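A quick write-up on the structure given underneath.
The values are calculated or read from the model by the stated rules, or taken from the named source; none is laboratory data. All values derive from a computational prediction rather than experimental measurement. As a convention, Cβ positions derive from the backbone with ideal geometry for all residues, glycine included, and neighbour counts pool all protein chains shown.
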Amino acid sequence: MDEHNMALQSGISAFEAKDFTLALRLLSPLADEGNSEAQYRLAMMFHNGLGRVQNNEAGFKWMCTAAEQGHAFAQHGLGVMYLYGECTEKDESQAIEWFRRAAEQGLPGAQMTLGMMYENGQGVEKDEEQARRWYKLAEENG
């Protein structure tokens with residue numbers, strides 16, 4: 001295992017152990033170097049105020065950066081931010097776009113959310129067929 005992977009695994013372990021000070025120290029340089037998993041973890045820490053003062057601007061920045069690199073959980077997280085106006089202006093069309101990107105990668109939570117949005121006509125035209133499609137995919141993906 002190379003040095004970057006070791007630092008990433010140590011950072012993730014610290015995050016999961018709720019040692020957010022250590023996680024921040026280990027993950028920050030990796031996020032700056034473009035590691036989408038480190039970026040996603042930092043986004044979660046800043047957005048939720050884990051281990052430090054909540055920083056919506058930093059949370060949104062890191063979530064966007066990781067999502068743009070194709071990180072499915074970050075794409076879902078960015079969709080949530082747009083859907084509810086967390087850390088940014090509420091924008092249901094942007095929410096749909098990011099949920100769709102995550103759903104197309106097989107993320108069940110994003111697939112369920114899309115299903116609900118199509119079922120309720122939230123941000124999209126109501127479409128029972130699309131709703132069933134996304135619900136079915138979510139079920140297949142657990």
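For (1) within 29 Å of Asp32 (Cα to Cα); (2) touching a Gly at 6+ places or on another chain (Cβ under 6 Å); (3) without any contact (Cβ under 8 Å) to a residue 12 or more places away in the chain, each residue gets a yes or a no:
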{"position": "Gly70", "(1), (2), (3)": "yes, no, no"}
{"position": "Phe73", "(1), (2), (3)": "yes, no, no"}
{"position": "Gln122", "(1), (2), (3)": "no, no, no"}
{"position": "Glu125", "(1), (2), (3)": "no, no, yes"}
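Here is a check on your reading of the model: is Gly79 of a type outside the set (Lys, Arg), in contact (Cβ under 8 Å) with a residue 12 or more places away in the chain and over 30 Å from Tyr118 (Cα atoms)? Let's see the steps before the verdict.
On the way: of a type outside the set (Lys, Arg): yes; in contact (Cβ under 8 Å) with a residue 12 or more places away in the chain: yes; over 30 Å from Tyr118 (Cα atoms): no.
Considered against the rule, which asks whether it is of a type outside the set (Lys, Arg), in contact (Cβ under 8 Å) with a residue 12 or more places away in the chain and over 30 Å from Tyr118 (Cα atoms), Gly79 comes out as no.
Counting residues that are at pLDDT 95 or above and within 25 Å of Pro108 (Cβ to Cβ), which helices (runs of 4 or more DSSP H) fully inside the range 1-92 reach at least 3? Can you show your working first?
Numbers: elements: 3-16, 20-32, 36-48, 56-68, 72-84.
Where helices (runs of 4 or more DSSP H) fall fully within the range 1-92 and carry at least 3 residues being at pLDDT 95 or above and within 25 Å of Pro108 (Cβ to Cβ), they are 3-16, 36-48, 56-68, 72-84.
Could you look through the range 105-142, keep only residues that are loosely packed, with under 14 Cβ neighbours inside 10 Å, of a type outside the set (D, E, K, R) and in a loop (DSSP other than H, G, I, E, B), and pick out the one that is nearest to the chain's Cα centre (by Cα)?
For the range 105-142, the residue satisfying everything is Gly142.
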